[in-house]
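Take a look at the structure set out below.
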Amino acid sequence: MIQRIGVVGAGQMGNGIAHVCALAGLNVRLLDLTDEQLVEAMAAMERNMDRQVRRGLYDELAKSEALARIETNTDMAVLGDCDMVIEAATEQEALKRKIYQSMIPHLADDAIIASNTSSIPITRLASATDRPGRFIGMHFMNPVPMMQLVEVIRGIATEDATVSEVRDLTRRLGKQAVSSEDFPAFIVNRILLPMINEGVYTLYEGVGSVEAIDTAMKLGANHPMGPLELADFIGLDTCLSVMQVLYEGLADSKYRPCPLLVKYVEAGWLGRKSGRGFYDYSGPDPVPTR
Ligand code: NAD
């Protein structure tokens, strides 16, 4: 059974993954490039756990025990006693390949390597390692502590035992696994992003305003957020890059990114994180921009 887990990359996703693993009782080794990033990640986890304590999900003691189970480091050598490593580093294939090359000499022979990649084929990443049979995709959703789903993606060489160990770990984290084959954008993003892209086309073609489109989908389809609000939340650069992966990976024109989405990204209007996307976030309430 997986007991000690390494998490490489302590950004938004990596700190969320470390958070849920530690709360589930696993010992976590969290790695990033710099001590500053690791300090920031520990502070983020503490803030997020405080919020969950205030909501009554668990108490202060459980929180401090969980935080104590997380050790941070910048040296891959500490991964030597891990049963599994989840890589949640920046979404660049060359960088991920380099990370695998530098961690593999330290890993136990049967340690599982999982990648949290949103868009790079698992089979291709696996081929950059010495263990395609023990390599798998484990795609957590953002924000990790709140979202129930993990997409478990098997590459062409992933062994059945690896899949069942990772599904078992997902259950222990209190999350639900769904299996996805290794095709572009897996399941959730394959369906969600074309819907968002169509929302942008609906705006681009003047069918409705930002407010009309979001209200229509909230009240007419019972979506908790409208597609344009959701696009701003995800980040328009991320939305565009998923559409490009679908367009190139499936070679089908139905996935062509909306030119208005491209223009917004070129303008640096990336959504919430840049203060402006389909809404303007500079005031107390988001204001539609079209
Ligand atoms: P992020 O930029 O917040 O974090 C990435 C972290 O990786 C940074 O802290 C960076 O310093 C670190 N890093 C880079 N090179 C490294 C190296 N050589 N060794 C150790 N650490 C290194 O990005 P994120 O949003 O957390 O995304 C991480 C992964 O999760 C990506 O593969 C992304 O596709 C995937 N993902 C993201 C989301 C999301 O909504 N943000 C959702 C699901 C999956």
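The values are calculated or read from the model by the stated rules, or taken from the named source; none is laboratory data. These numbers were taken from a predicted model, which means no experiment stands behind them. Cβ placement follows ideal geometry from the backbone for every residue including glycine, while neighbour counts extend to all protein chains displayed. Heavy atoms of the whole protein, side chains included, go into the accessibility calculation; ligands, DNA and RNA do not. Shrake-Rupley method; radii C 1.70, N 1.55, O 1.52, S 1.80 Å.
Worth pointing out:
- Scan of the stretch 75-87 for residues that are within 10 Å of the ligand (Cβ to nearest atom) and under 21 Å from the mean Cα position of the chain (by Cα), ordered by number: Ile86, Glu87
- Looking only at the stretch 88-118, and only at residues there that are among the hydroxyl-bearing types (Ser, Thr, Tyr) and open to solvent by 30 Å² or more (accessible area, probe 1.4 Å), the one that is farthest from the ligand (Cβ to nearest atom): Ser102
- Test: residue in the stretch 55-63 that is assigned by TED's automatic domain parsing to the domain that holds Ile113, closer than 22 Å to Arg4 by Cβ, within 16 Å of the ligand (Cβ to nearest atom) and assigned to a helix (DSSP H, G or I): no
- Applying the condition of being near the ligand (Cβ under 10 Å from one of its atoms) and surrounded by 23 or more Cβ atoms within 10 Å (Cβ to Cβ) to the stretch 1-12 and asking which residue is farthest from Ala161 (Cα to Cα) yields Ala10.
- Members of the stretch 119-138 found to be within 10 Å of the ligand (Cβ to nearest atom) and either open to solvent by 10 Å² or more (accessible area, probe 1.4 Å) or without any contact (Cβ under 8 Å) to a residue 12 or more places away in the chain (or both), listed by number: Ser119, Ile120
- Verdict on Ile196 being over 20 Å from the mean Cα position of the chain (by Cα), touching a residue at least 12 places away in the same chain (Cβ under 8 Å) and not in a strand (DSSP E or B): no
- Residues in the stretch 160-183 that are over 18 Å from Asn27 (Cα atoms), within 18 Å of the chain's Cα centre (by Cα) and of a type in the set (A, V, I, L, M): Ala177, Val178.
- Enumeration of residues in the stretch 21-39 that are open to solvent by less than 10 Å² (accessible area, probe 1.4 Å), outside any strand (DSSP E or B) and in contact (Cβ under 8 Å) with a residue 40 or more places away in the chain: Cys21, Ala22, Leu26
- Output for the stretch 176-193, where each listed residue is assigned to a helix (DSSP H, G or I) and open to solvent by 10 Å² or more (accessible area, probe 1.4 Å): Val188, Asn189, Arg190, Ile191, Leu192
- In this structure, Asp214 does not qualify as of a type in the set (Asp, Glu), touching a helix residue (DSSP H, G or I) at 6+ places or on another chain (Cβ under 6 Å) and surrounded by fewer than 21 Cβ atoms within 10 Å (Cβ to Cβ).
- Just one of the numbered conditions (1) part of a helix (DSSP H, G or I); (2) out of contact with any Ser or Thr (no Cβ under 7 Å at 6 or more places or on another chain) is not true of Ala89: (1).
- Residue count, the stretch 1-20 (criterion: of a type outside the set (A, V, I, L, M) and assigned to a loop (DSSP other than H, G, I, E, B)): 3
- Scope the stretch 17-54; condition small (Gly, Ala, Ser), in contact with a strand residue (DSSP E or B) (Cβ under 7 Å, 6 or more places away or on another chain) and closer than 21 Å to Gln148 by Cα; matching residues: Ala18, Ala22
- Candidates are the residues of the stretch 141-175 that are among the charged types (D, E, K, R) and away from the ligand (no atom under 16 Å from the Cβ); the one that is surrounded by the most Cβ atoms within 10 Å (Cβ to Cβ) is Arg154.
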